[in-house]
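What follows is calculated from the coordinates using simple rules that are stated; it is not laboratory data. All figures in this text were calculated on a predicted structure; none of them were measured in a lab. Reconstructed Cβ throughout: ideal geometry from the backbone, glycine too, with neighbour counts over all protein chains shown.
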Ligand code: PEP
């Protein structure tokens, strides 16, 4: 059996300017240090806006902080006439270790397709960034009972043509769209059910060994008060946290969950 290091990740979305970002990362690091946080036991990463990354890099490198960080999106292209887009090359140079791909807000607001996400995963891999692929169903699909089928199709489409070797650093985040920013949390059974289904799909597409090595996170209104119950399931390896990652103490309390 594989030991997967749990990961608590904070998606800041379009919040925090570059000054606020430095203050938040600093406060988070202090709070975790005070709590005696063991980073080898639980990994911590944050996903600030692009404009914050240089400041976060300077702080993390200068103070030798063990918080990991990444971007919320990247271009599928490496350079050139793509006004407004950000290359994985740049993110790598800013010390990013991970990148969110296919967050439901990107899928909805920017109409990102599974095909584009496949291409973005390839771009992340070209530049040494661990892709955190976000998948999950909307309310209508959940109510129709098609949520597993829908989510597994998103997963398979995004990974099409990629090998287990290429995807060794893949992280999957299951985020039911109806639970994001709504205060509605999927139950621990729902989080476990989908995580197990995702793992079984990875085993079918690749191998059992690969499937057991990949971390699967749950996201959707995770708070300090519900994190322990959500992470009960043996296939739930951590959380992707939106709103509650903007407050250092609350986020540190989520990180300090006992599994
Ligand atoms: C998210 O957007 O990734 C998320 C999980 O948001 P929230 O925790 O605010 O529901």
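A few remarks follow.
- Gyration tensor analysis over the Cα atoms of the range 92-205 returns equivalent ellipsoid semi-axes of 24, 16, 13 Å (largest first, whole Å).
- Counting every other Cβ atom within 10 Å of each residue's Cβ, 14, 19 order from fewest to most as 14, 19.
- 17, 40 arranged by Cβ crowding within 10 Å, fewest neighbours leading: 40, 17
- Euclidean distance between Cα centres, the range 145-186 to the range 93-128, Å: 13 Å
- Three-way shape label, the range 1-101, alpha-carbon gyration tensor, a/c 1.5: oblate
- The distance between label points at residue 203 and residue 258 comes to 3.0 nm (points 7 Å beyond Cα on the Cα→Cβ vector).
- For the chain, calculated [θ]222 nm from helices alone, where every DSSP H run of n ≥ 4 adds -39500 (n - 2.57): -12000 deg cm²/dmol
- Shape index of the chain: Rg/Rh, with Rg the Cα radius of gyration and Rh the Kirkwood radius from the inverse mean 1/r over Cα pairs, equals 0.94.
- Linear extension gain, residue 85 paired with residue 165, 0.36 nm per residue minus alpha-carbon span: 26.0 nm
- Packing-based ranking of 215-226, 103-114, 148-159 yields 215-226, 148-159, 103-114, ordered from highest to lowest mean Cβ neighbour count within 10 Å.
- Here's the picture: a label point sits 7 Å out from the Cα of residue 5 along the beta-carbon direction, and within the range 81-103 the residues with their amide nitrogen under 16 Å of it are 96-99.
- Among 142, 122, a tally of other beta-carbon atoms within 10 Å of each Cβ gives an order, fewest to most, of 122, 142.
- Fully extended contour minus Cα-Cα distance, from residue 153 to residue 122, at 0.36 nm per residue: 9.3 nm
- Relative contact order of the chain, pairs being alpha-carbon contacts under 8 Å that are 6 or more residues apart, as %: 21 percent
- Fraction of beta bridges assigned by DSSP in the range 1-121 that are antiparallel (%, nearest 5): 0 percent
- Per-residue extension of 0.36 nm, minus the Cα-Cα distance of residue 19 and residue 108, leaves a gain of 29.1 nm for this segment.
- The range 42-138 - Rg over Rh from alpha carbon coordinates, Kirkwood radius: 0.97
- Rounded FRET efficiency, nearest 0.05, which uses the C-beta distance separating residue 57 from residue 212 and R0 of 45 Å: 0.85
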